[in-house]
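Take a look at the structure below.
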Amino acid sequence: MSTYILGIESSCDDTSAAIISDDVILSNLIANQDVHKKYGGVVPELASRSHQQNIIPVIHSALQKAKIDKKQLNAIAFTRGPGLIGSLLVGVSFAKAFAMGLNIPMIEVDHLQAHILAHFAQKEGARKPTPSFPFLCLTVSGGHTQIVRVNDYFDMQIIGQTIDDAAGEAFDKTAKIMSLPYPGGPVIDKLAAQGDYKAFKFPMPKIPDLNYSFSGLKTSVLYFLRDQLKQDDAFIEKHKNDLAASVQYTIVEILMQKLILASQQTGIKEIAVAGGVSANSALRKAIRTQGEKHGWNTYIPDFEFTTDNAAMIAIAAYYKYQRQDFTHQQITPYAKAK
Ligand code: KG4
Ligand code: ZN
């Protein structure tokens, strides 16, 4: 008999619910919050309120789309952290009440582990290959940039990470400097497709080991544009495609150099990428190209599993369910990565 789990994700500004049947995703719905656009970033207070408004309709629709009655659910899973506390509280509190009402177990999921475990989520119809352990996962999102050695589903070791900004922040902050809308990553990706990545050169950080740094890039873009705007106040408008392409190229180069080094140092050639920035077309292409060059098996998630979604919470929960790894009603969310 199949195990049905409801996954809930509410760590930032997307309210998402998914239903999984064993490892197959039956539905994965996301309510995006447009309220933040005019502020150029996520406003935590508004995010919590929108989650409060969205959570019941999203879960209702996820059940309907999966053609599952709530009485068929075997467990409820939720993101415990990291994320915005007010946002997390909405998902955690809802999960507690729903699980108590249905008298079924609850499963807590770490958001970053879930981004990685999204690689094991299958879609109805065709099964896709999944990474073999141990594999390396480049986890790149709005809040995190890590190279993770994944020894098993819940045995993960961070072998490199950013010492300042995340890769997603590098995209978002550059976009902000260029007066582009939030979130900047997808906008830069789109503009870059029409631009020349060699048009402008930005310096590469010199950070030891497998660690990253992106704050220097942001500063050099800022100073470069400040100087150019002094001579031509339409500089950004005239060169936005080339600027987007050049910044994107630099971010991808920075990410790939350390990923290649990590593979060389560990001898691991099973290489995955996860998190919101893994939606970036240049990064996806670079992983494929380097994969061919270095003999890697590469795992690039479907777009719907890149940015925040509840399918990744549900698949992580499926492996916890098999271990009977349940949580309790006293559980509280955590804001920072564990
Ligand atoms: O994983 P995610 O949805 O949320 C966090 O857990 O942070 O990642 C969001 C980040 C944002 O910084 C966004 O700009 C970036 O992912 N992003 C992209 C693209 N799509 C989303 N960055 C570059 N290119 C994209 N196509
Ligand atoms: Zn995320």
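Any read-out appearing in this document is the output of simple, stated calculations on the displayed coordinates, not a laboratory observation. None of these values were measured; they are calculated from a predicted model. Positions of Cβ are generated from backbone atoms using ideal geometry, with glycine treated the same way; all protein chains shown enter the neighbour counts.
Computed values, structure above
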{"quantity": "The chain, dipole about Cα centre (Lys/Arg Cβ +1, Asp/Glu Cβ -1), debye to the nearest 20", "calculated": "120 debye"}
{"quantity": "Most positive-pole-ward Cα, S213, G276, I300, against dipole of segment 200-307 from beta carbon charges", "calculated": "S213"}
{"quantity": "Difference of contour (0.36 nm per residue) and Cα-Cα distance, I236 to K201", "calculated": "11.1 nm"}
{"quantity": "Whole-number percent relative contact order across the chain, with pairs defined as alpha carbons under 8 Å at least 6 apart", "calculated": "24 percent"}
{"quantity": "Over 20 Å between alpha carbons, listed pairs K173/K293; K96/K320; K173/K201; K198/K238; K173/K240; K258/K293", "calculated": "K173/K293"}
{"quantity": "Set of aspartates and glutamates near K285 by C-alpha distance (under 13 Å), chain-local residues within fewer than 8 positions excluded", "calculated": "D189, E253"}
{"quantity": "Segment 24-159: relative contact order in percent, alpha carbon pairs under 8 Å with at least 6 residues between", "calculated": "19 percent"}
{"quantity": "Cα-based helix-to-principal-axis angle, 44-66 vs the chain, degrees rounded to 10", "calculated": "60 degrees"}
{"quantity": "Global form of segment 226-317, assessed from the alpha-carbon gyration tensor, a/c cut-off 1.5", "calculated": "oblate"}
{"quantity": "Cα gyration tensor, segment 31-169 - rounded (a/c under 1.5), prolate or oblate", "calculated": "oblate"}
{"quantity": "Sum of -39500 (n - 2.57) over DSSP H runs of 4+, divided by residues of the chain (222 nm, nearest 500)", "calculated": "-14000 deg cm²/dmol"}
{"quantity": "Whichever aspartates and glutamates have a C-alpha closer than 14 Å to that of K123, once near sequence neighbours (fewer than 8 apart) are set aside", "calculated": "D22, D23, D302, E304"}
{"quantity": "Inter-centroid distance (Cα atoms) of segment 232-289 relative to segment 80-147, Å", "calculated": "24 Å"}
{"quantity": "Estimated dipole of segment 10-149 in Debye, rounded to 20 [Cβ of Lys and Arg +1, of Asp and Glu -1, Cα centre]", "calculated": "180 debye"}
{"quantity": "Cα gyration tensor of the chain - equivalent ellipsoid semi-axes, whole Å, descending", "calculated": "35, 24, 17"}
